[in-house]
1. Label segment 32-191 by shape, choosing from rounded, prolate and oblate, from the square roots a ≥ b ≥ c of the eigenvalues of the Cα gyration tensor; if a/c is under 1.5 it is rounded, and otherwise prolate applies when a/b is larger than b/c, oblate when it is not.
2. What do you get for trypsin sites (Lys or Arg not before Pro) in segment 58-162 restricted to DSSP loop and a cutoff of at most 13 other Cβ within 10 Å of the site's Cβ?
3. Once you order the gyration tensor axes a ≥ b ≥ c over the Cα atoms, which shape class does segment 128-198 get: rounded for a/c under 1.5, otherwise prolate or oblate by comparing a/b with b/c?
4. Below 15 Å, Cα to Cα, which aspartates and glutamates can Lys159 reach? Residues fewer than 8 away in the same chain don't count.
5. What share of the DSSP beta bridges in segment 32-191 is antiparallel, in percent to the nearest 5?
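Any read-out appearing in this document is the output of simple, stated calculations on the displayed coordinates, not a laboratory observation. Computed from a predicted model, the values in this text were never measured in an experiment. Here the Cβ positions follow ideal geometry from the backbone for every residue, glycine too, while neighbour counts run over all protein chains shown.
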Amino acid sequence: MMSEGSRPPRVGAPASASPERVAGLATAKLPLQHAGWTAVVASTPEGVIGDGERMPWSLSSDLRRFKRLTMGGVLLMGRRTFETIGRPLPGRRTVVLTRQTGWAAPGVETAASVAEAERLVGGGRCFVVGGGEIYSQCWDRCTECWWTKVWARLDGQVKVDLPWPEFRIVWQTHCPAGPRDQYPTDCFCLKRPPEGNRKKKSPV
Ligand SMILES: NC(=O)c1ccc[n+]([C@@H]2O[C@H](COP(=O)([O-])OP(=O)(O)OC[C@H]3O[C@@H](n4cnc5c(N)ncnc54)[C@H](OP(=O)(O)O)[C@@H]3O)[C@@H](O)[C@H]2O)c1
């Protein structure tokens, strides 16, 4: 995945700042500022994202990128995903979607609907970080997606089927498996082009 020399842009920085931008794509036409939310997702080629309890892989470089990318922003997640993490992550606001009126956790804000989450987030940089239910409900609000394609064949109870053709690749990098990365991965930064300028075929 990502080495220290190929870091993602910081929050608020345009992806075009990256030296690994994919050549030949009309990224100049894409918005430099992020008007919408950013999805951050890791999945196998078949769409497996989890087993319902934990992440089904150990990918240290992916965690490092996640931290760097999301630091200072708002993490929007479902209650089940929060419970797999078990605590709010430092340096970021955590907004948890739950329909349970009595549910609470220290350092966490709750929202009973996506619309309420939108109000809570306000103009902050919002990262949609799962799980499956939340990706599918928030996908339309995402104008950017960081997708880690994990080259593993796994059975998992939680899958996503996200409409990638709506997006274009603006940056990508490969990371081989290693002592701290269980599987090889490809990481893509994708952006949603303006309406009417979309590709018909999946970019990945
Ligand atoms: N690979 C990745 O990138 C990645 C990222 C994150 C998570 N995961 C994995 O995904 C799995 C969890 O995903 P999941 O789909 O089972 O659960 P989830 O999306 O994390 O959470 C579902 C819960 O969110 C709440 N919810 C959903 N829609 C809502 C709405 N519109 N308004 C208010 N609350 C709402 C409900 O909580 P209540 O039941 O409390 O009402 C629901 O049970 C885990 O295995 C985790 O490890 C993978």
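1. On the way: a/c = 1.60, a/b = 1.32, b/c = 1.21.
Here segment 32-191 falls in the prolate category.
2. Arg99, Arg153
3. oblate
4. Partners found: Glu46, Asp51, Glu53, Glu133.
5. 45 percent
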